[in-house]
1. With axes computed from alpha carbons, what is the tilt in degrees of helix 533-549 against the longest principal axis of the chain, rounded to the nearest 10 within 0 to 90?
2. Relative contact order (percent) for the chain, with alpha-carbon contacts under 8 angstrom and 6 or more residues of separation?
3. Going by average Cβ neighbours within 10 Å, how do the peptides 424-437, 403-416 rank, with the highest at the top?
4. Using mean Cβ contacts within 10 Å as the protection proxy, how do 336-349, 266-279 order, highest first?
5. Looking at (1) 1.04; (2) 0.98; (3) 1.13, which value of Rg/Rh (Cα atoms, Kirkwood Rh) comes from a calculation on the structure shown?
6. Cβ neighbours within 10 Å, averaged per peptide: list 539-545, 441-447 in order, most packed at the top.
7. Compute the acute angle (0 to 90°) between the alpha-carbon long axis of helix 41-74 and the principal axis of greatest extent of the alpha-carbon atoms of the chain; round to the nearest 10°.
8. If you take every DSSP beta bridge whose two residues both sit in the chain, what share of them, in percent to the nearest 5, is antiparallel?
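Nothing in this text is a laboratory measurement; each read-out follows from the coordinates by a stated rule. Remember, predicted model here, so these are calculated numbers, not experimental data. All Cβ positions, glycine included, derive from the backbone under ideal geometry; neighbour counts span all protein chains shown.
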């Protein structure tokens, strides 16, 4: 190899120095772009916190009003406890919301009006409570019927909505700034990539210029070019893999449910794992079985198998099948699929949630193993988050004891059903159901036996409810059933069917018979007994009260003096 002249060395040193300067400037630019992007997250977080606090404040004020109305109508102590609990939470949230509003000049002017509106509403609730506690039940109920409460509540809601609208505008501004920061980051990365390519080209030129001076350098240059092409191929595959994996993660985060996520995984898994065939299994809720969720390629897979059939699951780590069938082969694979197969357990939140089996993996080596681990981690995290989100969603709308919908879901759904019925000119039936003498039953048999009764009634309601109906636990031993598109005759027949079905229940607890139970039911029809959810619930509640006052174990339609005939 020929020796380089001092001028050539100086030229190369100058070029290398220029490269280092460009790299340093490029790194500083990228760092500044990322720092700007991160800095915009905090204002967005604070705006979300203010919107959430104001929303919870309004919800607690509504809860206090609803609980007080329930207490005034029924005298049930459960409603009174809910009322005092909502007031306590309201006082705590009120100070926080006022502090948040006062800290911003754009919202500070709204604080006195909102304080006055809330005080006005709380004074109204306190007046009703004082009348009722003083024995003036009729006067308290008359206050409820006056309609002043909704107007005062609407004033509070309007003031809070104005504040939330202004805060949402501020949030939108921060979102715009954040979007600009994201665009700047993408531009930074694009230019950085371009600079990197230029630097690679410059290095290649330097190597090429050196190779032109002697035959040995030419051979070395060819060798380096071959290595560079391999590196670029690996980089291209890595880029494709990273892009597919990133795209899969974004789509998985936006998935509505597991079925949609499985369709996405069925599309992306062949790319991100680079395998000709494969399958994804998810662990059943019973934890003793894995069920096929999706598959690709031309291999056949079992619909389900037990965890003990897979060595990967038993060892808690990826497992490569042996070349020939034997005792160390996984039992869930067909013998002809063993040779080039891998089993990859999926772990999320500290537990095994599934398994991926791959056939014909094309890539090997440390680099491929890191890709495999990265992909498996992304898939596990996405599936685990979806399962957790589905669990939380079920818990947010379901009553834990009976499995029925909870009261919040009922109120939201009933408002939607009323609007739909008004638009289509259809009827709705609302049942308020109460287990007769439940307090005495609890005192006699214990609360665990009482829970057994509530679960049995909840199960019966689910069995007698259509898919379009809404079966909910209203509170305590009270249940609500909303029948969509149900005329008067259908509603009355359904009520009598439920009554007789409950009466025919044979319940036992710890081997001892609990005896028969009965229910009383109040029925209100839309639009005959009310056009709003509150009117329907109040009418059904009054009919329920009439049924209990006149002997229980019967169903009554609001406005009728006689129970429904069997």
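1. 50 degrees
2. Normalised by residue count, the contact order of the chain is 8 percent.
3. Peptide ranking by packing, descending: 424-437, 403-416.
4. Listed from highest to lowest mean packing, they are 266-279, 336-349.
5. Computed from the coordinates, Rg/Rh (Cα atoms, Kirkwood Rh) corresponds to (3).
6. Per-residue mean Cβ counts within 10 Å order the peptides as 539-545, 441-447.
7. 20 degrees
8. Taking every DSSP beta bridge within the chain, about 90 percent pair in antiparallel fashion.
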